[in-house]
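Asks: Dumping the structure here so I can ask a few things about it.
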Amino acid sequence: MMDWTDRHCRYFHRLITKRTRLYTEMVTTGALLHGDVPRHLDFNAEEHPLALQLGGSEPADLAHSARLAERWGYDEVNLNCGCPSERVQRGAFGACLMAEGALVRDCVKAMRDAVGLPVTVKHRIGIDRQESYEFVRDFVGTVAEGGCTVFIVHARNAWLKGLSPKENREIPPLRYEIVHRLKREFPEFTVVLNGGIDDNEGVARELQLIDGVMLGREAYHNPALMAGWDADFLGALGPAAEADDAWREMIEDHMAAYMARQQSERGVPWAHVARHMLGLWNGRPGARRWRQVLSDHRLKDRPAAEVLLLARSARRGEVAVERAVQAA
């Protein structure tokens, strides 16, 4: 979810679900060793519970990064062993680490020795054409020796050559039965399933068999999916039914205030934040008109609250999109 789940996206998502655990974009150890640490690690207090996802393969570097995560106030450190991109492979981390279970074990142990935070691992069920259950079983067993007890499992193989990251999310077949079998064989571990779940019926179905479900792009493009999670799965009150418009308008108002603060305090253009909201009205009447106004570059110099009100009027059919733009 690089360039997607930044702090502004997470703030928006947190308005929809209070209890769901949110994950950052993957941050490399190199970026934290040599880059602008606050830029990579700062987040809004409202985002908790929040996990920092790290990319790296050097135990000492990961331990240093984990200490920074603890200092910044994150609730979890997650090691990415699932990203298949060639750029990530050149850095010797991501999915290629599944071939080096002992190294991942040592990385986990180094982080656990460095901090009191939970250290978790996200991985695939295999790499390339290695499709035996025994491969992922042995990987999990080895990594667990380092103290990891939470495994987030993307239920596809990662093909390290010949497929783009997008194709790696679509072409290798989903094999949920592998994840289910891991849970049966390691009942003491928390096993979370990732990959291919695109509705709440699927979430509910999988929660009968494993401990958790992670959604990425589907939740990003259709954020209303999250509206019922607190009440349905996490034992807390949440927004009204997904078809109700009132909670969406309330979120618009909160985001307008947030975008104004970000622009005045940090110089962040409101459009940079609003891009994460474009799926808010998906499936509702007028959603396309709303997106058109919110995405119109001619409005970028207007206040966010004003543009959102124009978008609301266009969605309701009270004013045409072009008239809304001209009115600004």
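The values are calculated or read from the model by the stated rules, or taken from the named source; none is laboratory data. Everything quoted here is computed from the prediction, not taken from an experiment. Neighbour counts run over all protein chains shown; Cβ positions are idealised from the backbone, glycine included. Remember, those area values only see protein heavy atoms, side chains included, never the ligands or the DNA or RNA. Shrake-Rupley method; radii C 1.70, N 1.55, O 1.52, S 1.80 Å.
Asks: Over region 228-328, what is the mean sequence separation of C-alpha contacts under 8 Å (at least six apart), divided by residue count, expressed as relative contact order in percent?
Replies: 21
Asks: Which distance in nm do the two modelled labels at residue 129 and residue 149 give, with both placed 7 Å along the Cα-to-Cβ direction?
Replies: Reported label-point gap for residue 129 and residue 149 is 4.0 nm.
Asks: I've got another one for you. At a threshold of 8 angstrom on Cα-Cα distance, excluding pairs fewer than six apart, so keeping six or more, what relative contact order does region 98-246 reach in percent?
Replies: The value is 17 percent.
Asks: Using r as the Cβ-Cβ distance of residue 2 and residue 320, and R0 as 41 Å, what FRET efficiency do you calculate, to the nearest 0.05?
Replies: 0.65
Asks: Using just the helices of the chain, give the 222 nm mean residue ellipticity in deg cm²/dmol: DSSP H runs with n ≥ 4 each add -39,500 (n - 2.57), and the total is spread over all residues, rounded to 500.
Replies: For the chain, the value works out to -13000 deg cm²/dmol.
Asks: Over the heavy atoms of residue 29, what accessible area does a 1.4 Å probe trace out, to the nearest 10 Å²?
Replies: Number for this one is 20 Å².
Asks: Let me ask something else. Carbon-plus-sulfur fraction of the accessible area of region 84-243, 1.4 Å probe, in percent?
Replies: Taking all protein chains in place, region 84-243 shows 50 percent carbon and sulfur surface.
Asks: Based on the mean of other beta carbon atoms within 10 Å per residue, what is the order of 203-216, 7-20, 148-161, most packed first?
Replies: 148-161, 7-20, 203-216
Asks: Using a Gaussian network model of the chain with C-alpha springs under 10 Å, which one of 244, 253, 230 is most mobile by mean-square fluctuation?
Replies: Top of the fluctuation ranking is 244.
Asks: Given a Förster distance of 35 angstrom, what is the FRET efficiency for residue 288 paired with residue 75, based on the Cβ-Cβ distance and rounded to 0.05?
Replies: So the FRET efficiency works out to roughly 0.40.
Asks: Looking at region 99-141, which trypsin sites (Lys or Arg not before Pro) are DSSP coil and have at most 16 other C-beta atoms within 10 Å of their C-beta?
Replies: Here the sparse-neighbourhood loop sites are 129.
Asks: Moving on. Return the loop-located trypsin sites (Lys or Arg not before Pro) in region 228-303 (DSSP other than H, G, I, E, B) with at most 16 other Cβ atoms within 10 Å of their own Cβ; answer none if there are none.
Replies: 300
Asks: While we're here: Calculate, axis by axis, the spread of Cα positions in the chain along the three principal axes, and write the results as whole Å, longest axis first.
Replies: 62, 42, 41
Asks: Might you tell me the accessible area per residue for region 1-143, computed with a 1.4 Å probe and given in Å²?
Replies: That works out to 39 Å² for each residue.
Asks: Here is a further query. For a quick check: with amide H placed at 1.01 Å from N, whose amide H comes under 5 Å from residue 79's, ignoring anything fewer than 5 positions away on the same chain?
Replies: Residues meeting the amide H criterion: 54, 120, 121, 122.
Asks: Let me ask something else about it. Using the crude model of +1 on Lys and Arg Cβ and -1 on Asp and Glu Cβ, and no other charge, please compute the dipole size for the chain relative to its Cα centre, in debye to 20.
Replies: 700
Asks: How much net charge surrounds residue 263 when only other residues with a Cβ under 12 Å from its Cβ are counted (Lys, Arg +1; Asp, Glu -1)?
Replies: Taking every Cβ under 12 Å from that of residue 263, the sum is +2.
Asks: If you place +1 on the Cβ of every Lys and Arg and -1 on the Cβ of every Asp and Glu, how big does the dipole about the Cα centre of region 1-150 come out, in debye to the nearest 20?
Replies: 360
Asks: Report the relative contact order of the chain, percent, no decimals, based on alpha-carbon pairs under 8 angstrom and at least 6 residues apart.
Replies: 13
Asks: Label residue 102 and residue 33 with points 7 Å out from Cα along Cα→Cβ: what is the distance between them in nm?
Replies: Computed distance between label sites residue 102 and residue 33 equals 2.2 nm.
Asks: Need one word for region 108-159: rounded, prolate or oblate. Basis is the Cα gyration tensor (sqrt eigenvalues a ≥ b ≥ c); a/c below 1.5 gives rounded, then a/b vs b/c decides.
Replies: Note, shape of region 108-159 comes out prolate.
Asks: Name the shape class, rounded, prolate or oblate, that the alpha-carbon gyration tensor gives for region 233-328, where a ≥ b ≥ c are the square roots of its eigenvalues, rounded holds for a/c under 1.5, and otherwise prolate holds if a/b is larger than b/c and oblate otherwise.
Replies: In terms of gyration-tensor shape, oblate.
Asks: Please find the FRET efficiency linking residue 177 to residue 298, where r is the Cβ-Cβ separation and R0 is fixed at 56 Å, and quote it to the nearest 0.05.
Replies: Between residue 177 and residue 298 the formula returns 0.60.
Asks: Looking only at 225, 52, 33, which one moves most when the chain is put into a Gaussian network model with springs between Cα atoms under 10 Å?
Replies: Of 225, 52, 33, the Gaussian network model singles out 33 as fluctuating most.
Asks: Of the options 51, 69, 101, report the single residue whose Cα projects farthest towards the positive end of the charge dipole of region 14-108 (beta-carbon charges: Lys, Arg +1; Asp, Glu -1).
Replies: 51
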